[in-house]
Amino acid sequence: MTRQAENHLAPRLLRLLIAFTAAILLPVSVCGAAAADGGKSARTWTVQVGSESSDQAIQGMAFLPENIYVNAGDKVTWRANSAEIHTVTFLAEGQSLDSTQPFNPAVPADVTQMGSKDYDGHSYYNSGVMTNVSDSGFVQVKKYTLAFANQGDFTYYCLVHGMAMKGTVHVRAAGTEYPYSQSQYDHQSEKRERTILRDGERQWDVARDQAGPHTVIAGTDNGTSMVMRFVQQKIEIRVGESVTFVNNGMGAPHTVTFGTEPANFLAPLGDRDHFSGGDLNSGLMPPGSSFKVTFTKAGEFDYICALHDYMGMKGTVEVRD
């Protein structure tokens, strides 16, 4: 090779050598910086609020992950992941959850965001109504973030589903080694979500067996997986006969609402013993309750669950002479 050719190649070789050296050293340097940090930099973690099937028929009542371990100074962001409404609610010190009716849409503190962006460890904090759809009837909250400065184990609840849906933020000292990465939490959540959906399908099968010629299952759940459908969705009876709507779930309330949806769907309305059309409402049906309606006129009578109709929870009673 001539000296001229050598002079021509030298700069190229030098550039390649520099590039090769940088490729080797750069990752080491980045990893070293991360290790030297010791987990002391503040992080933001993500928790999934609820889950659902593609047709919204099955809804999950769970914070995923249910337990998350963070360090003082970190933040947690909760993201709505279902059409079903939920809240992220930290109760005030000494405050207890109303097990009979934890959620009341007429109470501003239940449906609006309460508290600052920094959790103080003892006051009432509420996300407002979290959902991934805009037609739930509430002001939509897609995400909610809190910073945690104080160490401790802080349990929070969904006001809509009470004790059946709760989670805990475990806050340790800054610099503590994290037991899981966000990707590991996400993987755990995906597995849990698949289990919830499978459980919902099984609940649906059980509800089909429990429904009968004069019985409609008004939603069902096992405390975590909810079926947001009336089973059977269309029922045929004769004039003078009755239909009993049964909420045999463990955690989710429903309504049976004929006619115009009332402003206060929590309260009963109309004559269920002599129904010939018009407005009729069961009021809030908690788990384990039933609502019997006697039909005195032929026709097709459509009804909804006033809480979950936007997910497709609707039905029809066809009454024949």
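The values are calculated or read from the model by the stated rules, or taken from the named source; none is laboratory data. Treat the numbers as computed from the prediction; the structure is a model and nothing was measured. Note: ideal-geometry Cβ built from the backbone for every residue, glycine included; neighbour counts use all protein chains shown.
List of remarks:
- Lone unmet requirement of (1) in contact with a Ser or Thr (Cβ under 7 Å, 6 or more places away or on another chain); (2) surrounded by fewer than 22 Cβ atoms within 10 Å (Cβ to Cβ); (3) among the hydrophobic types (A, V, I, L, M, F, W, C) for Leu307: (2)
- Boolean, Glu84 is out of contact with any strand residue (DSSP E or B) (no Cβ under 6 Å at 6 or more places or on another chain), farther than 26 Å from Glu177 by Cβ, in the same structural domain as Tyr178 (by TED's automatic domain parsing) and not in a strand (DSSP E or B): no
Rundown of residues vs (1) over 22 Å from Gly288 (Cα atoms); (2) out of contact with any helix residue (DSSP H, G or I) (no Cβ under 8 Å at 6 or more places or on another chain); (3) assigned by TED's automatic domain parsing to the domain that holds Gly137, yes/no style:
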{"position": "Thr195", "(1), (2), (3)": "yes, yes, yes"}
{"position": "Val206", "(1), (2), (3)": "no, yes, no"}
{"position": "Val216", "(1), (2), (3)": "no, yes, no"}
{"position": "Met226", "(1), (2), (3)": "no, no, no"}
{"position": "Val256", "(1), (2), (3)": "no, yes, no"}
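- Residue in region 262-276 that is touching a His at 6+ places or on another chain (Cβ under 8 Å) and either in the same structural domain as Glu52 (by TED's automatic domain parsing) or not small (Gly, Ala, Ser) (or both) present: no
- Residues satisfying the stated conditions in region 123-139, i.e. at pLDDT 95 or above and of a type outside the set (Ser, Thr, Tyr): Asn126, Gly128, Val129, Met130, Asn132, Val133
- Meets criteria (in contact with a His (Cβ under 6 Å, 6 or more places away or on another chain), under 30 Å from Gln233 (Cα atoms) and surrounded by 18 or more Cβ atoms within 10 Å (Cβ to Cβ)) for Gly60: no
- Of all residues in region 231-256 being among the aliphatic types (A, V, I, L, M) and modelled with pLDDT under 95, the one that is surrounded by the fewest Cβ atoms within 10 Å (Cβ to Cβ): Met250
- Residue match in region 172-183 (condition: outside any strand (DSSP E or B), basic (Lys, Arg) and out of contact with any His (no Cβ under 7 Å at 6 or more places or on another chain)): no
- Being at pLDDT 95 or above, at positive phi, surrounded by fewer than 15 Cβ atoms within 10 Å (Cβ to Cβ) and over 21 Å from the mean Cα position of the chain (by Cα) holds for only one residue in Gly288, Gly259, Gly299, Gly270, and it is Gly299.
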